[in-house]
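A short write-up of the structure that comes next.
The values are calculated or read from the model by the stated rules, or taken from the named source; none is laboratory data. Since the model is a prediction, treat every value here as computed from it, not as a measurement. Because the Cβ atoms are built from the backbone with ideal geometry, glycine has one as well, and the counts that use them run over all protein chains shown.
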Amino acid sequence: MSDNVDPRENDRLERLRALLSGTHEQEHAGLALGRGAYGNTLMGAMLHGADRMRQGHEPTGLEKLLLDAVQSVLSEKEIKAWGGVYREVADAGQPTVLPRMFARRSADEGYSIEDLKRDLPDLVADAMSMANTQIVDPRTPDREVNDPAFLAAMREAKFGITAFAAVDDRMIPDAAGLEGTEQAPQDGGQDRDSRSGPFYVRVLADSFYVHRAVGDAGASRDEIFWTAAGGGGSGTHSFRSEEFGAVTKGDTRTFSAGNNILFQGWTSGDYLGVNIVCWEKDDEITPWTEALNKALNDAMNTLNRTLAFDDFVTGVLPLWVAIAVQVANMFISVMVYLLNMSDISCQRTIGMGRYELAMLSQGGTATWKFDGDGHHDLRVKWSGPKIPFAEGFLRASIRTGTAWQPPAKLPFRTITTPALAVHGDRLHALFLRPSDQVVMWTSMDSSGTWSPAEPLGGDQSWYAPALTSAGGVLYYAVVGKNGSLWTRTYTPATGWTPAKVGGGGWQYAPALATYKDQPWLVIYGLDQNLHHAKNGAWTSWQVDNIGWKVSTHVALATHRDRIWRVATGKDNQLHTSFNGGGTWANQGHVPGWRPSHAPALAANAGTMTVLMRGTDGRLWAADHNGSWQTAHTVTAAAPTGAPAAAYYNNKLYAMYLTT
């Protein structure tokens, strides 16, 4: 860009001075600027780098990355002038909208990647406390409308950040030593090494629907256009739509076939991040919007790779959200406050993990809400090859007495945690077939021989199924793809009954256990409460009386005349409770145990055992004999997700997926 003086440069400098000193006019009063202690760390690093460059210092790698992004729209001369204003305000005290680490920070001391890594825990806590950020399980039905609090916060702030991640189902195929053990390929399924990527992604902007026009506050119609920038680990892409004139409430507008590629490129990891802005054009169109959006997105992509969290594994996804917040705030600071381009109706950053990409590729479409000054539903359409669901082979670890055998590989490939239950003289297992997510059923006899897996009707799900045996009947439950509860029963004499489909409103896997010869079912609702029912009719649901909040399914087992329930809470601690037939009694969390996924619970006549995947990636087991005993690792077990467990023939069976 030329170093010619922009006639509006002085105005931008005064806007920066007002922004940093806290005297700026809150054009977008609901934005997160200045709300959190760390929300503008990258903005601070860029301005600090501008000042250091002005004074002849070499910017750090992080500062240069951010300065290069801003130089996509501004000259080096003006950026140095911004650094001078920053220094002026910083020397007078802490800049109002910048974190405290930039108050009186010497120009001799740069802000580096190492500094950012040190401050990441604070950035994450700041970002995740915002009401307009969310991490969503992509399997949840109607996931765009099930959190009114997020939508309200997005409307107030005019931007929102959503990351889709199914944390229990991140699985990588195990391709070693499979000769003679594979399931037969299913229709629509592919058994190939490319299951683990990289993947080619092509997402089109199909159309948008207008619930509320920006002009509804005064004028009667909008002039709308959209911009986007996306990155998938290695590839980046930018998009700018045509203008849509005279947009009014109730309109559906379709993007032109020649200009509708929202993102196109390869993902080197298991994610795609896209930053999308809906604009209402008041003034002349400028190329700055697209250029800065793309430059900042490229910087975000580089940061993700540099910080080594460019995936959606449990525990690192909040880091991605934190950086997304930083980039969104920086875009708003530069575009809205400093360049005086206040035409943003709503900005939204969408992060899609492997599961969401697979669902979008196989489902074909998705709708994302942009509720800010106006309210628009953006409909996107998949146009690339289908992405397979991440899948893995089951392994079994068996404990006899206190000794664990080495894990045994089973000939079953799945996308979820399995379900285990003993019925009659056999150990029964259910899992989901990767190609079409159909529930599959197999059982093992006392010699260790598994029956061929067969579909359980045509039941399909995104979640793990559940099993228990009560009163001579095997009970099965699963949450269908539409969020309804599907149940069946089985006896050797009658086989499986037809599926009963109950009401909707459920998410995650259900949990089943038998208490006093009655089946109990616990399930998590879209209302974000646990519910339980019994007797097999699955009616008269009771809401959890102790208010547990979880981000995955719970585990159940009967021990010492009580039915026990354990769960990994949103605090990543293992919580316990039991029920004697009425309400749940909270038994607190087990200190020092921090599972990464949902636990498994199994019991025999005298012992109850919990199995859990630790944050170290190993499988841990602990017995309860009046109190919890010391946890120990299961020999050579490295599960990818949540385990399942059952006692059978005086042995403890743990089943799980491996990397």
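In the stretch 411-426 there is no residue matching the filter, namely being more than 24 Å from residue 554 (Cβ to Cβ), small (Gly, Ala, Ser) and assigned to a strand (DSSP E or B).
Scanning the stretch 359-411 for residues that are touching a Ser or Thr at 6+ places or on another chain (Cβ under 7 Å), of a type in the set (Lys, Arg) and farther than 21 Å from residue 440 by Cβ gives 379, 381.
Looking only at the stretch 507-547, count how many residues are at positive phi, part of a strand (DSSP E or B) and surrounded by fewer than 17 Cβ atoms within 10 Å (Cβ to Cβ). Total satisfying the criteria: 0.
Of the listed requirements (1) in a loop (DSSP other than H, G, I, E, B); (2) surrounded by 22 or more Cβ atoms within 10 Å (Cβ to Cβ), residue 566 misses just one: (1).
Test residue 607 against the stated conditions and say whether it is hydroxyl-bearing (Ser, Thr, Tyr), surrounded by 13 or more Cβ atoms within 10 Å (Cβ to Cβ) and more than 31 Å from the chain's Cα centre (by Cα). Let's see the steps before the verdict.
Numbers: hydroxyl-bearing (Ser, Thr, Tyr): yes; surrounded by 13 or more Cβ atoms within 10 Å (Cβ to Cβ): yes; more than 31 Å from the chain's Cα centre (by Cα): yes.
Spelling it out, residue 607 is indeed hydroxyl-bearing (Ser, Thr, Tyr), surrounded by 13 or more Cβ atoms within 10 Å (Cβ to Cβ) and more than 31 Å from the chain's Cα centre (by Cα).
Taking the criterion of being within 12 Å of residue 45 (Cβ to Cβ), of a type outside the set (Val, Ile, Thr) and outside any loop (DSSP other than H, G, I, E, B), the residues of the stretch 89-113 that qualify are 101, 102.
Taking the options 560, 594, name whichever one is of a type in the set (Lys, Arg), out of contact with any Pro (no Cβ under 9 Å at 6 or more places or on another chain) and on the phi > 0 side of the Ramachandran plot. Give the derivation first.
Values: 594 fails: on the phi > 0 side of the Ramachandran plot.
Only one candidate qualifies: 560.
To keep it simple, each residue is scored yes or no on (1) modelled with pLDDT under 70; (2) part of a helix (DSSP H, G or I); (3) under 21 Å from residue 323 (Cβ atoms).
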site: 13; (1), (2), (3): no, yes, no
site: 19; (1), (2), (3): no, yes, no
site: 25; (1), (2), (3): yes, no, no
site: 34; (1), (2), (3): yes, no, yes
site: 42; (1), (2), (3): no, yes, yes
site: 51; (1), (2), (3): no, yes, no
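Scanning the stretch 63-88 for residues that are surrounded by fewer than 19 Cβ atoms within 10 Å (Cβ to Cβ), of a type in the set (Ser, Thr, Tyr) and under 18 Å from residue 40 (Cα atoms) yields no hits at all. One residue is enough: does the stretch 547-569 have a residue meeting the conditions farther than 22 Å from residue 613 by Cα and polar (S, T, N, Q)? No, that holds for no residue. The lone criterion from (1) farther than 20 Å from residue 431 by Cα; (2) in a loop (DSSP other than H, G, I, E, B) left unmet by residue 623 is number (2). Considering only the stretch 549-562, I want to know if a residue exists there that is under 27 Å from residue 472 (Cβ atoms), touching a helix residue (DSSP H, G or I) at 6+ places or on another chain (Cβ under 9 Å) and not in a strand (DSSP E or B). Yes: one or more hits. Screening residue 60 with (1) in contact (Cβ under 8 Å) with a residue 60 or more places away in the chain; (2) surrounded by 20 or more Cβ atoms within 10 Å (Cβ to Cβ); (3) not acidic (Asp, Glu) gives one miss only, at (1). Cβ-Cβ distances below 9 Å connect the following pairs, each with a first residue in the stretch 132-143 that is under 12 Å from residue 356 (Cα atoms), a second residue that is at pLDDT 75 or above and among the charged types (D, E, K, R), and a separation of six or more residues or different chains: 136/147; 136/356; 138/356; 139/481; 143/137. Taken together, 616, 561, 623, 571 contain a single residue that is within 23 Å of residue 651 (Cβ to Cβ) and among the acidic types (Asp, Glu), which is 623. Residue 298 fulfils the conditions (1) at pLDDT 65 or above; (2) not in a helix (DSSP H, G or I) except for a single criterion, (2). Scanning the stretch 480-499 for residues that are within 34 Å of the chain's Cα centre (by Cα) and surrounded by 15 or more Cβ atoms within 10 Å (Cβ to Cβ) yields 480, 481, 483, 484, 485, 486, 487, 488, 489, 499. Scanning the stretch 136-153 for residues that are buried (at least 20 other Cβ atoms within 10 Å of the Cβ) and in contact with a Phe, Trp or Tyr (Cβ under 8 Å, 6 or more places away or on another chain) gives 137, 138, 139. The set of residues in the stretch 436-466 being more than 26 Å from residue 387 (Cβ to Cβ) and in contact with a Leu (Cβ under 6 Å, 6 or more places away or on another chain) consists of 441, 444, 466. Of all residues in the stretch 463-484, those satisfying the criterion of being of a type outside the set (D, E, K, R), outside any strand (DSSP E or B) and in contact with a strand residue (DSSP E or B) (Cβ under 6 Å, 6 or more places away or on another chain) are 463, 464, 465, 483, 484.
One residue alone among 395, 399 is closer than 18 Å to residue 613 by Cβ, within 31 Å of the chain's Cα centre (by Cα), in a strand (DSSP E or B) and not polar (S, T, N, Q), and that residue is 395. Is it the case that residue 227 is of a type outside the set (A, V, I, L, M), in a strand (DSSP E or B) and either surrounded by 18 or more Cβ atoms within 10 Å (Cβ to Cβ) or at pLDDT below 85 (or both)? So residue 227 fits the description; yes. Among the residues making up the stretch 436-462, those that are outside any strand (DSSP E or B) and farther than 20 Å from residue 363 by Cα are 445, 446, 447, 448, 449, 451, 452, 453. Residue pairs whose Cβ atoms lie under 6 Å apart, separated by 6 or more positions or on different chains, with the first residue in the stretch 633-650 and part of a strand (DSSP E or B) and the second at pLDDT 95 or above and among the acidic types (Asp, Glu), do not occur. All of 185, 141 fail the test of being on the phi < 0 side of the Ramachandran plot and at pLDDT 60 or above, apart from 141.
Among the residues of the stretch 485-501, is there at least one that is within 21 Å of residue 543 (Cα to Cα) and in a loop (DSSP other than H, G, I, E, B)? Scanning the stretch 485-501 turns up no residue that is within 21 Å of residue 543 (Cα to Cα) and in a loop (DSSP other than H, G, I, E, B). Note on the stretch 591-620: residues that are in a loop (DSSP other than H, G, I, E, B) and under 21 Å from residue 508 (Cβ atoms) amount to 7.
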